[in-house]
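Let me begin by presenting the structure, written as structure tokens, before commenting on it.
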Amino acid sequence: MAKKASKKKKSSSKKTQSGNVFTKILIIVFVAVFVGFIAFKYFPKINSTKSQKSETQLVKEERKQTPKDSIIKPEKKPAAEPIVKSTVARSIEGCWMSTTGGAVLTMKDFKYRIDFMGVDSGKPLVGTYLVEDNTVTFSNRNEPCKDEKGIYEVDFNKHEISFRCKDDDCTKRKSTLVTDWEWLDE
């Protein structure tokens, strides 16, 4: 009888071993599917690069089959002429602080802005400017002084500029610009 009992133990241990192997395989397959799903969901570039490569190959093959004479080539547009800034235009660009009025003047790319300091300072003056020789013509886009031009002569010396009014009907701009300005290091 002792022999029969030992045989039963061996057969039951084989069943648990095969059950364990099946469970391990099932877990491995489940983990592989889960990792694949995560990779597909969170790394879509992997899929798109494959499709891009195939599209690129299709375009290359299509070019090989199409005669060169039938390919429509886009016309080249002439490049826009770069704006050449004069010495004066380059010298006045930057951020300037009024030595007496407490205002800040910013000039860049032919646009200007005058910000005023203080509680009752009001809205800034914003507009554009043109430079011819040592003459600067300011014009505003918005109120105050909308569409009014102001013509000034500019003098500059290293880190200081000053404007002398030749003609300007905008009193706020005129009273602010005629002071001396020091360059602010940005």
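The values are calculated or read from the model by the stated rules, or taken from the named source; none is laboratory data. No experiment lies behind these values; they were computed from the predicted model shown. When we count neighbours, we look across all protein chains shown, and the Cβ atoms used for this are built from the backbone with ideal geometry, even at glycine. These accessible areas exclude ligands, DNA and RNA; they are computed on the full protein's heavy atoms, side chains included. Shrake-Rupley method; radii C 1.70, N 1.55, O 1.52, S 1.80 Å.
Given the Cα-Cα distance of Val33 and Asp169 and 0.36 nm per residue of separation, how much length would full extension add, in nm? Let's see the in-between values first.
Details: separation 136, 0.36 × 136 = 48.96 nm, distance 7.77 nm.
Here the segment from Val33 to Asp169 would lengthen by 41.2 nm.
Would you mind working out the accessible area per residue for segment 129-180, using a 1.4 Å probe, and quoting it in Å²? Before the final figure, lay out each step's value.
Working: 3220 Å² over 52 residues.
Counting only protein heavy atoms, the per-residue value for segment 129-180 is 62 Å².
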query: Roughly how many percent of the accessible protein surface of segment 141-186 is carbon and sulfur, given a 1.4 Å probe and a whole-percent answer?
result: 43
field: R0 of 41 Å, Cβ-Cβ distance Met117-Tyr42: FRET efficiency to nearest 0.05
entry: 0.20
- line: Stretched fully, the stretch from Asn157 through Thr137 gains (0.36 nm per residue minus C-alpha distance, one decimal, in nm) 5.2 nm
message: With every protein chain left in place and a probe of 1.4 Å, what is the accessible surface of Arg113, to the nearest 10 Å²?
response: 100
- prompt: If Leu105, Leu130 are ordered by their accessible area, calculated over protein heavy atoms with a 1.4 Å probe, which sequence runs from highest to lowest?
  reply: Leu130, Leu105
query: Leaving out ligands, DNA and RNA but keeping every protein chain, what accessible area does Ser175 have, in Å² rounded to the nearest 10, with a 1.4 Å probe?
result: 80
query: Quick one: net charge of Ile151's neighbours, Cβ under 14 Å, K/R +1, D/E -1?
result: -2
query: For segment 124-177, rounded, prolate or oblate, judged on the Cα gyration tensor with a ≥ b ≥ c (square roots of eigenvalues), a/c < 1.5 rounded, else prolate if a/b > b/c?
result: prolate
